[in-house]
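Trainee: Pasting in a structure now, in structure tokens, and then I'll have a few things to ask.
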Amino acid sequence: MSGTFVGMPAFPAFPVAAHEAVNNRTLRGNLRHATHTIRAKRAKAVAELSDWDALREAGKQIKDHTLRHLDRYLVQLEESVTAAGGTVHWAADADEANRIVTRLVQETGESEVVKVKSMATQEIGLNEALEEAGIRAYETDLAELIVQLGKDRPSHILVPAIHRNRGEIREIFAREMSEWGRPAPDGLTDTPAELAEAARLHLREKFLRAKVGVSGANFMVAETGTLVVVESEGNGRMCLTLPETLISVVGIEKIVPTWQDLEVFLQTLPRSSTAERMNPYTSTWTGTTDGDGPRTFHLVLLDNGRTDTLADEVGRQALRCIRCSACLNVCPVYERAGGHAYGSVYPGPIGAILSPQLRGTASEIDASLPYASSLCGACYEVCPVAIDIPEVLVHLRERVVEGGPVTREGNKVVLQPAKGHAAERAAMRATRWTFTHPGALRTGQRLASRTRRFHPRTLPGPGRAWTGTRDLPVVPAEPFRDWWQRTNGGKGETK
């Protein structure tokens, strides 16, 4: 397992993976129904707030300020957590984080843990690392439970099992629950109430038995050392309060300076994710308290490519992300391709800009992710912290094609251009030369106008894929410059 494992095994390029998904009619139907439903509910919830734009801007400014002073706030957070009775560990990458958590569990003498839904632990492959050490991790979020029992992979940030319908979930529960603990009830149907009850009965014995809990966190408040988890089911509350030992693995970008800053996100996150005015369960914990909650608390602060991302002036805005998944629900590419095609625990538009920065663009999948977008801009319009995802996508495309200086593992390195983009580089350089030489541009325009009747309707070779779904623009009968001179700026145009 590499130090920057981001939740998926080796994966083909996005176009290859997406091709199979697009031809899966059941998958497309599941995704279309779910994303359209969530999208409509979110729009209604956001419209209730007259100051939504101000909240969005406030969230952006808070995140940018925190990232600019991340070193100071992280030190403050460590001091606050330690003063409250917790222990802070620093993990440079996935391997180090997994070693820390595995050791902490082993020191308790336990061989199983219950988990709150956590993208950070999926990012580092914690479940697999614990399994190698003989420790079994039980997912307690309903959607994560479905994914785990189905030996599947998450395909959505908010709803990891969004690609499954009720019939498929019933089959998974009936077939797999007995291998993990309490079996599914006899005669289980696919009604939501029965599926939820089967999960509740299956999980309750694990909540009451487990001595170790593992979580992530949506936010960390530097001034008090408080961690925050928001959820809709109550399983997180059980994992955070019942075990004797709690281990939280959190990305270093999840920090906010004060409780006043947190208040902004507790308004924008639920509306953008579950379309609720507030989360049904908002759990906070600060170190340890006698007679209340875990007796031992460990916080593992995870870098895993985040400081490298922070060094990129354009790409760093991806670290503002609060994992609401609003961008996925409006993305036409995600709706058709699904989350698995992105080859990362972070699918959709945010994954297309975050994964290539956390992992680099050397692999086939990461070099293709910046192209997994139509650049329509819908993701930017709904983002509650105003991440300009199209801007970062274009920035990363340039990195893939041109190479250039980047920061990897804290060191300045120069990337070589990715293979397969020689024609694109040549075309862009020729275009740049033409646009900086007005005489050549003018000659080319006149030549294009005078030969317009010979122009093909589709492009040959690699360009055939582009014109397979689009018409080539028709070249005007005369260039604009010639028309301007002939008509004296339009004044002599015959009406």
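The values are calculated or read from the model by the stated rules, or taken from the named source; none is laboratory data. These figures come from a predicted structure and were not determined experimentally. Cβ coordinates were reconstructed from backbone atoms using ideal geometry, including for glycine residues, and neighbour counts include every protein chain displayed. Just so you know, the surface numbers come from the protein's heavy atoms only, side chains and all, with ligands and any DNA or RNA stripped out. Shrake-Rupley method; radii C 1.70, N 1.55, O 1.52, S 1.80 Å.
Trainee: Just one of Thr258, Thr274 is polar (S, T, N, Q), without any contact (Cβ under 8 Å) to a residue 40 or more places away in the chain and either under 20 Å from Ala196 (Cβ atoms) or in contact with a strand residue (DSSP E or B) (Cβ under 9 Å, 6 or more places away or on another chain) (or both); which is it?
Mentor: Thr258
Trainee: Can I ask one more? Any idea which residue in the stretch 257-296 is nearest to Lys44 (Cα to Cα), counting only those that are in contact with a helix residue (DSSP H, G or I) (Cβ under 6 Å, 6 or more places away or on another chain), open to solvent by 50 Å² or more (accessible area, probe 1.4 Å) and assigned to a loop (DSSP other than H, G, I, E, B)?
Mentor: The extreme case among them is Glu276.
Trainee: Could you list all residues from the stretch 339-382 that are at positive phi and surrounded by fewer than 24 Cβ atoms within 10 Å (Cβ to Cβ)?
Mentor: The answer is Gly360, Leu375, Gly377.
Trainee: Here's a follow-up. Can you list the helices (runs of 4 or more DSSP H) found entirely within the stretch 327-411 that contain at least 1 residues being under 26 Å from Ala40 (Cβ atoms) and under 15 Å from the mean Cα position of the chain (by Cα)?
Mentor: Numbers: elements: 332-337, 348-359, 364-368, 378-382, 389-402.
Correct list: 332-337, 348-359, 378-382, 389-402.
Trainee: Inside the stretch 209-247, can you point out the residues that are in a loop (DSSP other than H, G, I, E, B), modelled with pLDDT of 95 or more and of a type in the set (S, T, N, Q)?
Mentor: Asn218, Thr224
Trainee: Related question: Taking the residues in the stretch 131-183 that are polar (S, T, N, Q) and more than 21 Å from Leu208 (Cα to Cα) as candidates, determine which candidate is most open to solvent (accessible area, probe 1.4 Å).
Mentor: Here the answer is Asn165.
Trainee: Please work out if Ala120 is out of contact with any Phe, Trp or Tyr (no Cβ under 7 Å at 6 or more places or on another chain), of a type in the set (Gly, Ala, Ser), open to solvent by 10 Å² or more (accessible area, probe 1.4 Å) and under 22 Å from Glu231 (Cα atoms).
Mentor: yes
Trainee: Are there any pairs, at least 6 apart or on different chains, whose C-beta atoms fall under 6 Å, with the first in the stretch 201-226 and on the phi < 0 side of the Ramachandran plot and touching a residue at least 24 places away in the same chain (Cβ under 8 Å) and the second open to solvent by less than 10 Å² (accessible area, probe 1.4 Å) and part of a helix (DSSP H, G or I), and if so, which?
Mentor: That search, which allows pairs on different chains as well, returns His202/Met177; Val212/Val105; Gly213/Cys239; Phe219/Leu262; Met220/Leu77; Val221/Leu262; Ala222/Leu77.
Trainee: Got at least one residue in the stretch 476-492 being open to solvent by 60 Å² or more (accessible area, probe 1.4 Å), closer than 26 Å to Val394 by Cα and not basic (Lys, Arg)?
Mentor: Checked the stretch 476-492: no residue is open to solvent by 60 Å² or more (accessible area, probe 1.4 Å), closer than 26 Å to Val394 by Cα and not basic (Lys, Arg).
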